[in-house]
1. With 206, 191 as the choices, which residue is more than 21 Å from the chain's Cα centre (by Cα) and buried (at least 20 other Cβ atoms within 10 Å of the Cβ)?
2. Take the residues in segment 392-419 that are closer than 14 Å to residue 445 by Cβ and in contact with a helix residue (DSSP H, G or I) (Cβ under 6 Å, 6 or more places away or on another chain); name whichever of them is surrounded by the fewest Cβ atoms within 10 Å (Cβ to Cβ).
3. Conditions first: (1) more than 18 Å from residue 467 (Cα to Cα); (2) buried (at least 18 other Cβ atoms within 10 Å of the Cβ). Residue 430 passes all but one, so which condition is the exception?
4. Out of 410, 427, 403, I need the residue that is hydroxyl-bearing (Ser, Thr, Tyr) and touching a residue at least 60 places away in the same chain (Cβ under 8 Å). Which one?
5. Can you find a residue in segment 376-383 that is surrounded by fewer than 20 Cβ atoms within 10 Å (Cβ to Cβ), over 27 Å from residue 308 (Cβ atoms) and of a type in the set (A, V, I, L, M, F, W, C)?
6. Suppose we filter segment 108-120 for residues that are over 15 Å from residue 13 (Cα atoms) and either part of a helix (DSSP H, G or I) or touching a Ser or Thr at 6+ places or on another chain (Cβ under 8 Å) (or both); how many remain?
7. Looking only at segment 456-474, how many residues end up being outside any strand (DSSP E or B) and buried (at least 17 other Cβ atoms within 10 Å of the Cβ)?
8. Here are the criteria: (1) crowded, with 17+ Cβ neighbours inside 10 Å; (2) within 27 Å of residue 88 (Cα to Cα); (3) at pLDDT below 90. Tell me which single one residue 347 does not satisfy.
Amino acid sequence: MKWILNNKLLLVILLLGLLFRTYNFEKGFSFAHDQDLYSWIAKDIVMNKHIRSVGQITSVDGVFIGPFYYYLMALFYGIFNMNPMSAIIPLTFIGLFNIWSFYYLGKTYFTKRIGLTMCFFYAISWGCASFDRWSVPTQPTITWCIWYLFLILGMLKGRIKLLPLYGLLIGFLWHIHIALLPIIPIPVIAYLLSKGSLGIKIKKIYWKNLVVSILLFFVVSAPFWFFELKYHFSQVNGVMAAMKITNLGPTGYLKLLKVLEASASEFRIRIFNGWNFADIKFLWYLLIGIFVFLQLFRRIAWKQSLCVWMWIFLILLAQFTSKKQVSEYYFTNLVPIYILFLVIFVDYFLLFKYLKYVFYVFMFVYLGVNMWWLKNNSFSNESYFERRQLVDYIKNDSISKNYPCIAINYISSPGTGVGFRYLFWYYGVKLIKPNNNIPIYNIIIPWNMNEKETVAKFGRFGVIPPDNTENIKPELCESKLFEMDPLLGYTE
């Protein structure tokens, strides 16, 4: 009871965070290709007892993401009878853990007030909440980055006892996002920047601590080494080959502008979701201005700033030199830094008697605006809810007509006819490849492409039932010739 009374504000923030991460979840749950794919992999783990060392293939040919997220989903799929909606549990837990982690980070290295403000910003920001609700294998990126920032700030204080955390986080990197590779050296640099001579710093590294760190690294990253040894370092070779491909998209100054715009866009999406700026690069001017302010008024140590800006620079440089197309997706790891700078800046004004009321008004308005975004933006016309209704309609229609099996044809733009395969399996609909002797249901996306023939509508999706079922051949339902191909990216 005493702990609850001492932490009642934190508990209120966690409850707000819970609301933002669960409200209207089914109607806003994006269930497209990535979600369909990890569902099949979870099914393979749970039902086929297949021990996997990799997840799906990434955009780099021959390189896979680690299996951690798939095992996490498999755990809850197994508990809840393979129901895809069970994803809400690990997603919500990760989101709430992120909120608490911001609090712990701020309280440990700055003040309790900064910790509470950081976790409040993250809890009620619709942009951050929507990321926590987005179920993809790289979803724990922010969790990893909060604790990596915690590690860096700790190393600046000479806390070498955090070395096992370093081993754990680096081991997890392959499971989270390989785009984080450039920032691996920063904790080492941070420790070298801490107080004391180099000799004393080296003496503080106890061999037991070092051994535990190495063991944690290899245990967590064991699937990677197992896979690489088994397949002759195919992923390493894939990365090396990717470095030789022709550059995609703009180069030089235009590439630099693209990197700055994409990173600033991620800043806007997560912190100021819904607010449009004529010049998105304005947010970089804002961030730099806040940094200068913090340095002038000594609100953050120069060594802390140096390490944080090293993180930013290395991520921007990696994307600038990369041969791949630039996307906001690669800059989500900067979100904890954005929040840290913004909160320390805002916290300064609480030192003044009257300006603190401006702070309270701002926080109240920010909460109100984000509540409005939550109410109005937490649903989608192509969510899990609409997909489930569509699959249920086709299932009932096919049962009423005694179809032994059916086929699905998508009338849509490339890449949009996805997110249905697992749901058809889950709801017990037998699918085979389209052919002239089996009923074919057309799923049209969007339905107004052919409004006259569309019989049923579910959000953006429409269904056109079969019109010719005179020559149905039930034996084709079990023919291996017409078995569905594996989902794109699915490997065994």
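The values are calculated or read from the model by the stated rules, or taken from the named source; none is laboratory data. Bear in mind that the values here come from a model prediction, so they are computed numbers and not experimental data. So basically every Cβ, Gly included, is an ideal-geometry build from the backbone, and we count neighbours across all protein chains shown.
1. Just one listed residue meets the conditions, 191.
2. Taking segment 392-419 and keeping what is closer than 14 Å to residue 445 by Cβ, we get 408-419.
Filter again for in contact with a helix residue (DSSP H, G or I) (Cβ under 6 Å, 6 or more places away or on another chain), leaving 418-419.
On the way: 418: 18, 419: 22.
Per the stated criteria, the residue is 418.
3. (2)
4. Details: 410 fails: touching a residue at least 60 places away in the same chain (Cβ under 8 Å); 427 fails: touching a residue at least 60 places away in the same chain (Cβ under 8 Å).
Residue meeting the stated conditions: 403.
5. Yes; the residues of segment 376-383 include at least one that is surrounded by fewer than 20 Cβ atoms within 10 Å (Cβ to Cβ), over 27 Å from residue 308 (Cβ atoms) and of a type in the set (A, V, I, L, M, F, W, C).
6. Here is the first cut: in segment 108-120, the ones over 15 Å from residue 13 (Cα atoms) are 108-111.
Applying the additional criterion that residues be either part of a helix (DSSP H, G or I) or touching a Ser or Thr at 6+ places or on another chain (Cβ under 8 Å) (or both) yields 108-109.
Of the residues in segment 108-120, 2 are over 15 Å from residue 13 (Cα atoms) and either part of a helix (DSSP H, G or I) or touching a Ser or Thr at 6+ places or on another chain (Cβ under 8 Å) (or both).
7. Initially, segment 456-474 is screened for residues outside any strand (DSSP E or B), giving 459-460, 465-474.
Then drop every residue that is not buried (at least 17 other Cβ atoms within 10 Å of the Cβ), which leaves 459-460, 465-466, 472.
Number of matching residues: 5.
8. (2)
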